[in-house]
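Okay, so here's the structure we're looking at.
The values are calculated or read from the model by the stated rules, or taken from the named source; none is laboratory data. Since this is a predicted model, take the numbers as computed values, not measurements. All Cβ positions, glycine included, derive from the backbone under ideal geometry; neighbour counts span all protein chains shown. Side chains included, ligands, DNA and RNA excluded: accessible areas come from the protein's heavy atoms. Shrake-Rupley method; radii C 1.70, N 1.55, O 1.52, S 1.80 Å.
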Amino acid sequence: MTLKNIIRLSILSGFLFLILPLSAQQKIIHWQLEEVTSENVLGQWFQEASFIDDSLNVPVYMEEVLLPEGSNELEYRLTNQQFETVEVKIAGIGAEIKPVITIVTERKQKKARVCFIPLRLNPESGKLEKLVSFEANLNFLKNEQKNITASGFAATSVLASGKWYKIGIAQTGIYKISYQNLKEWGLNPDKINPQTISLHSLGGKMLPESNSQPVQDDLPPVAIEVIGEEDGVFDPQDYILFYGESPHKWIINILGQKLNHQTNLYEDTTYYYLTYGVQNPLRIQDFVTPTLSATHRVDEYIFPLLHENNDQQLTKSGKEWYGETFDENSSQNFTFIVPNHKAGEKGIIEFDVAGRSFEANSFVLSYNQQELSTISLAGMSANLMTGLYARKGKALLNFTPQSDTIIFNLTHLKNHLYSLGYLNYIEVNVTRHLIFNGHQMPFTYMPRPQTGQIPEISLQTTHSDLRIWLVDDLHQPQNIPVQLSDTSVYFKIQAYNGHYFIAFDGSS
Ligand SMILES: [Ca+2]
Ligand SMILES: [Ca+2]
């Protein structure tokens, strides 16, 4: 079997925590008045604000806490809270301030990101109040040794019983868990009935940014395939296959005939939880092929690529993180590899930048020595107290790839020594021939205007045992029974909307 191994393995058998020394910090929130005044708009801002909550239009407090070695959870409690009344009405603010804590790994460093809206509705007066100071009580929690029965989770959680093994994945793909993997994780596969193995995950969704929105705190099951489970014995050659999805997603955009990237702002890992001893756990089912005749044949697909580094935040009011800086290094190249690109088909490129300069400045994007697009940015005043730190710009355009290797040049043009440019991201969508490449290959079906609704999708390959799963629903992937010709596998599907697939090579 040549499937990808589990990339990042974090095995947590049970969740018992050791508590490291407690620390309390006095915090003050420096509120400032803004010009906006209206009964339903909070005309206030505070220096410590990190971004605006989209749904409530109020600033959000964010704090990042480095986790000490060995600690992987943070408990954050607010005590000695001091409030002042605010004369506005905002629906959706609760009586209590509830921090949302997300553990993120950035540059191999584990951090807890604590976010909350520093507002509450005083249940007695019925008035809105802003938090002006509080004491932050931090408990660094540590996951203890292996093989401890779970405790410490909500009683309603599926995690409350049985033994749980946590698997972290960073890339979308088919993952294989072997007999040997289970042994390495401290399980005894000889004593496990493979028919009772169950996998669970939330699937790497972004947590709602508003703490008034509910967070799903239980883990739905994910359908898996367990090869060799029929006899009820986990033999050394038996294994588990599952579809794991990265927290960073690609979303089919039929109108734009492209895939839109959706970067998860808080996580770069999706966690899957494996357990056993479950009655009727979910298994992968076969997809039911439509009986109607195919309306057209499809042998190409739109392949998306993203260049995005999220290393720095520019504006206090923005959630956006930026990557490369254009300083003295004002011209940089970006390379994208598109195996089997379809010659003559137009690609779509979107790039997003920011400039910080007293004077007008611009970004020029070129391909093959030809200018494709210019983004012009106006100069800005240097008053950082207004929160305006940089001006943003974005462009979407077509280009025609000339080869499988595509190199773009991005140059920041400026007149002032202290002008700085920043790249947010470059997103590229290019048409590829549907030819199986590597050991596994995610692909999508994108409906086009004026085509029928029963495409016959044909994937060129020499593997007679190539498998394809339909993965529209990451909790319920379906196995597609494919037909074979000498050079391809093919199948029909009813397609009013786009579909997500993954092909993988099941040869040993
Ligand atoms: Ca078996
Ligand atoms: Ca970004």
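Across region 247-282, the number of residues qualifying as more than 16 Å from ligand 2 (Cβ to nearest atom) and in a loop (DSSP other than H, G, I, E, B) comes to 12. Residues that are over 28 Å from the mean Cα position of the chain (by Cα) and modelled with pLDDT of 95 or more are absent from region 243-260.
Taking the conditions exactly as written (open to solvent by less than 40 Å² (accessible area, probe 1.4 Å), part of a loop (DSSP other than H, G, I, E, B) and either out of contact with any Pro (no Cβ under 7 Å at 6 or more places or on another chain) or not assigned by TED's automatic domain parsing to the domain that holds Glu267 (or both)), does Pro304 satisfy them or not? Talk me through it step by step, then tell me what you get.
Numbers: open to solvent by less than 40 Å² (accessible area, probe 1.4 Å): yes; part of a loop (DSSP other than H, G, I, E, B): no; either out of contact with any Pro (no Cβ under 7 Å at 6 or more places or on another chain) or not assigned by TED's automatic domain parsing to the domain that holds Glu267 (or both): yes.
Answer is no for this residue.
Identify, please: which residue in region 241-260 is touching a residue at least 12 places away in the same chain (Cβ under 8 Å) and β-branched (Val, Ile, Thr) and is, among those, most open to solvent (accessible area, probe 1.4 Å)? If we take residues in region 241-260 being touching a residue at least 12 places away in the same chain (Cβ under 8 Å) and β-branched (Val, Ile, Thr), then Ile254 is most open to solvent (accessible area, probe 1.4 Å). Those strands (runs of 3 or more DSSP E) of region 432-508 in which at least 1 residues are more than 20 Å from Ala294 (Cα to Cα) and at pLDDT below 90, considering only elements entirely within it, cover 499-505. Glu456 falls short on exactly one of the conditions (1) out of contact with any Ser or Thr (no Cβ under 6 Å at 6 or more places or on another chain); (2) more than 19 Å from Asp299 (Cβ to Cβ), and that condition is (2). Looking across Asn310, Asn329, one residue alone is part of a loop (DSSP other than H, G, I, E, B), surrounded by 13 or more Cβ atoms within 10 Å (Cβ to Cβ) and not assigned by TED's automatic domain parsing to the domain that holds His261. It is Asn310.
Restricting region 234-254 to residues that are more than 16 Å from ligand 1 (Cβ to nearest atom) and hydroxyl-bearing (Ser, Thr, Tyr) leaves a set whose member that is farthest from Ile480 (Cα to Cα) is Ser246. Taking the criterion of being crowded, with 20+ Cβ neighbours inside 10 Å and closer than 24 Å to Asp327 by Cα, the residues of region 407-436 that qualify are Phe408, Leu410, His412, Lys414, Ser419, Gly421, Tyr422, Leu423, Asn424, Tyr425, Ile426, Glu427.
Just one of (1) within 16 Å of ligand 2 (Cβ to nearest atom); (2) in a loop (DSSP other than H, G, I, E, B) fails for Thr289. It is (1). Scanning region 66-105 for residues that are assigned to a loop (DSSP other than H, G, I, E, B), over 18 Å from Leu138 (Cα atoms) and open to solvent by less than 80 Å² (accessible area, probe 1.4 Å) yields Val88, Ile90, Gly92, Ile93, Gly94, Ala95.
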